[in-house]
Amino acid sequence: MTTRMQSVPFLRRVRAFFIPGMLDRYLILQVMPPFLVALSVVMSALLLERLLVLFNLLAAGNNHIATFLGLLGTLLPHYLGLAIPAALCTSVFTVMRRMSQNEEIDAINSSGISLTRVARPYILLGLLLGAMSFFLYGFIQPLARYDFREALYVASHTGWAPRLQSRTFARPSDTLTLVADHVDQGGSHLTDVFIRDTSEGHDRTITAVHGQIRVAADGSSVEIDLQDGTILTETPDQTPTLTSFDTATRYLTKADHLAPFRERGDDERELTSPELISRLIRHDPRIPFSHMLSELHFRLARCLTIPFIPVLAVALAIMRKRQGGNSGLIVAFLALVGFDHLLQFGHSMVATKNASLLNIWLPAVIFALGCSMLLVYKSGALQAFKAHYNRKRRTIKAGQKA
C-alpha cells in the first residue's frame, strides 16, 4: 500500500511529461506552419537539380509524363529524410527567436518556467519525427531506392529505335506508313504529319498539324499523339468518311524488348532494417559484412540524433538583450551540415576500411552532448549551480570563523 502511494507522484510526473499542457499546445501550434513551409521549400530545393536531369533523360527517351511522375514519387522518401532535420531546425529556431525578441521567453521565465521546460514540446516533436524517420530510413527509403533504379532503368532503355527524319518515309509496322515535313533533332516532335494505315481491312489516310511520339504509360508500346487533323477512311463497298479531330492517339509499334531489371538486394541500401539484421546474422556473402553493419548503425545514429536538433535550435535562438545579428541560424546549419558530413565519413570508413563503429557513434554522442550542454548553459542552470556552490562555501567559511 505504501509503495503504491509513493509511486503515484512519479507516475503523475511521467504522465504530465507526455500530456501537453496549454503552453505545450501554444508552442506546437506556433511551430507547425513554419515547419510545413520550411519542409516544402527544402524539398523543392533538393529536388530541383534532380528534376532537371530527369526531364532531359525522359525527353530523350520519348517517355510518358506518367513515367516522370513515378520517378518523382520514388525520389520523395530520400529527400524527405534530408529535409526533415533542416525544416525542424529552421522552424524551431524561427519561433524561439521571435519569442525571444518579443520578450515572451522572459515573461515565461519570470513565472518560474525554465528554458528546458519551454523546449520540452519541441523535444517531444523531435522524438516523434525520430520515430517516423526510423521507419523512413529503415523501411520506406530502401524500397523506394530500388523502385527508382528500376523505373530509371526502364525509362532509359525504352523508346522507338527508328528515329524519324524530315520528309523521310518510315514504316513502324507492316500496315503503317509515316512521314512528316519537319522533325526535330530528337525525332519525336513532328510537324505536318501524314500517316497511311491499312490495318483492320480499312484504308485510313491521316493528316495532322503536329505530332508527338512517346512511349505508352505501361511501357509496352510506342504511340503518337496528333493535334488538329483529319482522318479519311475508305472501306470496300462503302462510302468514304471524313473525320476531323483536335487530338487523337494512334498506336505505332511495340516498344523495344527490354530485359527485366535485377532483383532487389544487391545493394545494402536497398535492404530494409530487418533484412539487414537477418543477413548480418546469416553472414550473407552477397554483400560485404562491413557494408551491411555500417548501413544499419548509420540509420540508427541518424534517427537517434533527430530529437537533439530542436535542443540545438532553442539554445541558439535565445539572444541577449540589445544583441544584434542573426548568426544563430547560420551556426545551427553549420553544426547540422558538419555533423552530417562526419556521420557520412564515419559510415564510409566503417564500410570500406573495416574501421570501428566509433566512427559513427562518436560524432552522434558528441552532437547530442553538445546540444544538451548548450541548452543547459543558455537556461542559466550552470550559473544557478555556481551561485549555489559559492553561497554554500561562504556559509561554511562563516561557520568556521564563528
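Read-outs: derived from the displayed coordinates by stated rules, not from any lab. Quick caveat, the model's predicted, so the values are computed rather than measured. When we count neighbours, we look across all protein chains shown, and the Cβ atoms used for this are built from the backbone with ideal geometry, even at glycine.
Miscellaneous remarks
- Relative to the current alpha-carbon distance between Asp284 and Tyr153, full extension at 0.36 nm per residue lengthens the span by 44.5 nm.
- Peptide packing for 279-287, 223-231 was compared via the average number of neighbouring C-beta atoms within 10 Å per residue; ordered from the highest value, the list is 223-231, 279-287.
- In the range 170-254, the alpha-carbon atoms span a convex hull of 91 Å³ per residue.
- Take each peptide in 141-149, 104-112, 25-33, count the other Cβ atoms within 10 Å of every residue, and average; sorted highest first, the result is 141-149, 25-33, 104-112.
- Amide N of the range 125-156 lying under 19 Å from the label point, which is placed 7 angstrom from the Cα of Arg50 along Cα→Cβ: 133-156
- In nm, spacing of pseudo-spin labels at Ile113 and Ile28 (7 Å Cα→C-beta vector): 1.4
- Glu268, Glu150 arranged by Cβ crowding within 10 Å, fewest neighbours leading: Glu150, Glu268
- Derived scalar couplings between HN and Hα for the range 204-210 equal 10, 10, 10, 10, 8, 6, 9 Hz in order, rounded to whole Hz, by the Karplus curve 6.51 cos²θ - 1.76 cosθ + 1.60 (θ = phi - 60°), x for Gly and Pro.
- Ascending count of other beta-carbon atoms within 10 Å, so fewest first, for Leu72, Leu48: Leu48, Leu72
- Counting beta carbons within 10 Å around each of Ile277, Ile360, Ile309 and listing the fewest first gives the order Ile277, Ile360, Ile309.
- Annotation: amide H of Ser221 within the under-5 Å range of Ala216, Ala255, sequence separation 5 or more or interchain, hydrogens built in the peptide plane.
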